[in-house]
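Written below as C-alpha cells is the structure these notes are about.
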Amino acid sequence: MSFKVTLLPGDGIGPEVLSCAVRVLERTAEKCGISISFREALIGGIAYDKTGTPLPQETIDRCKESDAVLLGAVGGKKWDSLPAAQRPEKGLLGIRSALELFANLRPAKIERALRADSPLRADIVEKGIDFVIVRELCGGLYYGERGRDGGDAFDTMAYSEAEVERVARVAFEIAKGRERKKLTSIDKANVLDCSRLWREVVARVAADYPEVEVSNMLVDNAAMQIVRDPSQFDVVLTENMFGDILSDEAAEITGSIGMLPSASLGAGRMGLYEPIHGSAPDIAGKGIANPLGTILSGALLLRHSLGCEEGAALIERAVSAVLESGLRTADLGGDATTVQMEEAVLAQL
Ligand code: NAD
C-alpha cells in the first residue's frame with residue numbers, strides 16, 4: 001500500500017523535530033511493508049516570509065491531496081507584531097478548518113520511566129495514566145456569536161446534534177479499539193442546555209457501541225478527578241472549551257511538554273498530526289529539542305490515517321524502550337541531543 005503525507009515543518013524547532021519523525025516513519029513503513037511518499041509545504045512564519053501569508057493556497061491544496069499531514073510547530077518573536085490575520089498561528093487554525101478537522105485527540109500517557117517527572121504523588125502515578133481526550137474542535141463557545149456593547153460583553157455557546165454526533169462517533173470508535181473500552185463524556189448538564197443536548201446525543205450514539213462502557217461526568221468534578229485518580233479514565237469525550245482546559249491539565253500531569261503528540265481528525269481518515277508544544281524559540285537551532293512528541297505524532301498518523309496499528313505500536317514501544325534505557329533530552333533533565341534521541345529510537349526499531 002502506498003500513502004502520501006504532507007510535511008509542514010513550520011518555524012523554530014519545528015523542522016528539527018519533524019525530520020526525526022520522518023526518518024522514524026520511513027524505517028517503520030519499511031518494516032511494515034507500506035510505502036509513504038513525503039512532500040513538504042509552507043506554513044507559519046516561514047510561509048509569511050516567503051509568500052506574504054501564513055497559509056498559502058498551495059499548502060491547503062497539497063494537504064487535501066494527501067492521506068495525512070504532519071506538522072512541526074509555528075510561531076516566533078519575529079512575527080509577533082504582525083496583524084492577527086497574518087500571524088503564524090493563523091496558519092494553524094486555517095489549515096485545521098480548511099481540512100474540516102473537528103475532533104482533536106490528545107493522548108495523556110505517562111511512560112513508566114518518567115513517572116518521577118509527574119507533579120502528582122507517587123502513589124497516584126503508580127496506578128498508571130493512559131487516557132485519550134477527544135475534544136470537539138469546531139463548535140461551542142469559541143465559534144458562537146459574540147460582542148461588546150459599552151460595559152457589556154457576551155459569548156455564545158451553541159451546538160447542533162450533528163456536531164455532537166460526529167465527534168462522539170470518533171470517540172466511540174477509539175474507545176472500541178482500546179483494551180478497556182471505557183468512555184467518559186464530560187459536560188455541565190446541571191446548568192447548560194448545550195450539555196443536556198450533548199448527553200442526549202452521546203446516549204443515542206452509545207446504543208451503536210454496546211461493547212463500550214459509557215458514563216457522564218460534570219466538568220468541575222472531572223478537573224478534580226484528573227488529578228485525584230487519572231487511572232480511572234480511558235477515553236474522555238468533551239466539547240471545545242472544556243477540552244481545551246482539561247487537555248492542558250492532563251498534559252501537565254504526564255511530565256514534559258516535549259513528549260506529547262496530538263491528532264486532529266475529520267469525517268474521513270485524513271488527519272493532521274503534531275506535537276502539543278510550540279516552536280520553542282529559546283532552544284531553536286541548538287539541536288537539543290526533544291523530538292519524541294513529534295515521533296509519537298507519527299505513530300498516531302500510522303494508527304488513525306494509514307490504518308497501520310502495527311507500525312504505531314512499534315514506534316510507541318521503541319520510544320518506551322529508549323526512555324527505559326535512561327536517555328533523556330534537556331527538558332527531561334538529560335543531555336542527549338535531538339539527533340541522539342532519534343538514533344536511539346531508530347536503533348530500537
Ligand atoms: P513552547 O511550547 O514553544 O515552549 C514552552 C517551553 O517548553 C520553552 O521553554 C521550550 O523551550 C520548551 N519546549 C517546548 N517544546 C520542547 C521540546 N520539544 N523539547 C524541549 N523543550 C521544549 O511555547 P511558548 O514558548 O509559549 O511559544 C513559543 C512560540 O510557539 C509562540 O510563537 C507560540 O505562539 C507558538 N506556539 C505554537 C504552537 C503550535 O505550533 N502548535 C503551540 C503553542 C505555541
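Starting from 0.36 nm per residue, how many nanometres of slack lie between residue 248 and residue 317 once their C-alpha separation is accounted for?
Working it through step by step, the gained length comes to 22.4 nm.
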Highest to lowest packing among 326-333, 76-83, 231-238, scored as the average C-beta count within 10 Å: 231-238, 326-333, 76-83
With label points set 7 Å from each Cα along the Cα-to-Cβ direction at residue 61 and residue 152, the distance between them in nm comes to 4.8
Within the chain, helix-based [θ] at 222 nm, where runs of 4 or more DSSP H residues each add -39,500 (n - 2.57), nearest 500: -12500 deg cm²/dmol
Name the residue farthest towards the positive end of the dipole of the chain from the options 293, 203, 75, assuming +1 on Cβ of Lys and Arg, -1 on Cβ of Asp and Glu, about the Cα centre. 293
Computed for region 145-279: size of charge dipole around the Cα centre, +1 on C-beta of each Lys and Arg, -1 on C-beta of each Asp and Glu, debye to nearest 20, value 460
Convex hull over the Cα atoms of the chain, averaged projected area in nm²? 18.1
Theoretical gain in end-to-end length, residue 84 to residue 269 [0.36 nm per residue, Cα-Cα removed]: 63.5 nm
FRET efficiency for residue 37 and residue 98, using Cβ-Cβ distance with R0 set to 30 Å, rounded to 0.05: 0.90
At a Förster radius of 30 Å, what calculated FRET efficiency corresponds to the Cβ-Cβ distance of residue 169 and residue 51, to the nearest 0.05? 0.25
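Applying 1/(1 + (r/R0)^6) with R0 = 45 Å to the Cβ-Cβ distance of residue 161 and residue 347, what FRET efficiency is obtained, to the nearest 0.05? Walk me through the intermediate numbers first.
Working: r = 50 Å, r/R0 = 1.11.
That pair, residue 161 with residue 347, gives E of 0.35.
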Residue-by-residue Karplus 3J(HN,Hα) for region 278-290, coefficients 6.51, -1.76, 1.60, Hz, glycine and proline x: x, 7, 6, x, 5, 10, 4, x, 8, x, 10, 5, 7
Give the distance, in whole Å, between the Cα centre of region 90-161 and the Cα centre of region 309-333. 25
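No value in this document is a laboratory result; all are computed from the given coordinates. Note that the coordinates shown come from a computational prediction; the quantities given were computed from them, not determined experimentally. Cβ coordinates were reconstructed from backbone atoms using ideal geometry, including for glycine residues, and neighbour counts include every protein chain displayed.
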